[in-house]
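The values are calculated or read from the model by the stated rules, or taken from the named source; none is laboratory data. Just so we're clear, the structure is a prediction, and the values are computed from it rather than from any experiment. Ideal geometry is used to build each Cβ from the backbone, glycine not excepted, and the neighbour counts take in all protein chains shown.
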Amino acid sequence: MATAVRMDEETKSKLEELQAEIKLRTGRKATQQEILGRLVDSAIESRTEFIDSFRDGTEALSADEIDRFDSGTISSGVETDEDEIDEILYG
């Protein structure tokens, strides 16, 4: 079952341009529905990257960057509970 998708003129134009380029390079005509389906599949395959593209400003840290950050932390061996933290911070 097909469902209509609304898009602005610029996006529609880019989709048509992509459709024409597919035809030119492959000799095969692809429908806009087929192109959108493959774009969604591609976004699903790289879901994290795609979702991160919607973030404003600061980019999320990569797994390697998180590992480097974590490697710089140390444990003093002393456990601190919430009450002690509250006492230290708020007196």
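From the set of residues in the range 43-70 that are of a type in the set (A, V, I, L, M, F, W, C) and surrounded by 10 or more Cβ atoms within 10 Å (Cβ to Cβ), which is modelled with the lowest pLDDT?
Kept after step one, since they are of a type in the set (A, V, I, L, M, F, W, C), are these residues of the range 43-70: 43-44, 50-51, 54, 60-61, 63, 66, 69.
Next, from what is left, pick out any that are surrounded by 10 or more Cβ atoms within 10 Å (Cβ to Cβ): 43, 50-51, 60-61, 66, 69.
On the way: ALA43: 95, PHE50: 91, ILE51: 88, ALA60: 73, LEU61: 80, ILE66: 87, PHE69: 86.
By that ranking, first place goes to ALA60.
Only one of GLU49, GLU45, GLU65 is farther than 30 Å from MET1 by Cα and not basic (Lys, Arg); which?
On the way: GLU49 fails: farther than 30 Å from MET1 by Cα; GLU45 fails: farther than 30 Å from MET1 by Cα.
Testing whether each residue is farther than 30 Å from MET1 by Cα and not basic (Lys, Arg) leaves just GLU65.
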- prompt: Which of the residues that make up the range 55-84 are among the hydroxyl-bearing types (Ser, Thr, Tyr) and within 35 Å of the chain's Cα centre (by Cα)?
  reply: THR58, SER62, SER71, THR73, SER75
field: Qualifying residue in the range 24-36 (condition: surrounded by fewer than 10 Cβ atoms within 10 Å (Cβ to Cβ), outside any helix (DSSP H, G or I), within 24 Å of the chain's Cα centre (by Cα) and free of Cβ contacts under 8 Å to residues at least 60 places away in the same chain)
entry: no
statement: Here the qualifying pairs (Cβ atoms under 9 Å; residues six or more apart or on different chains; first in the range 59-78 and within 21 Å of ARG47 (Cβ to Cβ); second of a type outside the set (Lys, Arg) and part of a loop (DSSP other than H, G, I, E, B)) come out as none
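What about THR73, is it among the hydroxyl-bearing types (Ser, Thr, Tyr) and exposed (fewer than 10 other Cβ atoms within 10 Å of the Cβ)? Give the derivation first.
Values: among the hydroxyl-bearing types (Ser, Thr, Tyr): yes; exposed (fewer than 10 other Cβ atoms within 10 Å of the Cβ): yes.
It is true that THR73 is among the hydroxyl-bearing types (Ser, Thr, Tyr) and exposed (fewer than 10 other Cβ atoms within 10 Å of the Cβ).
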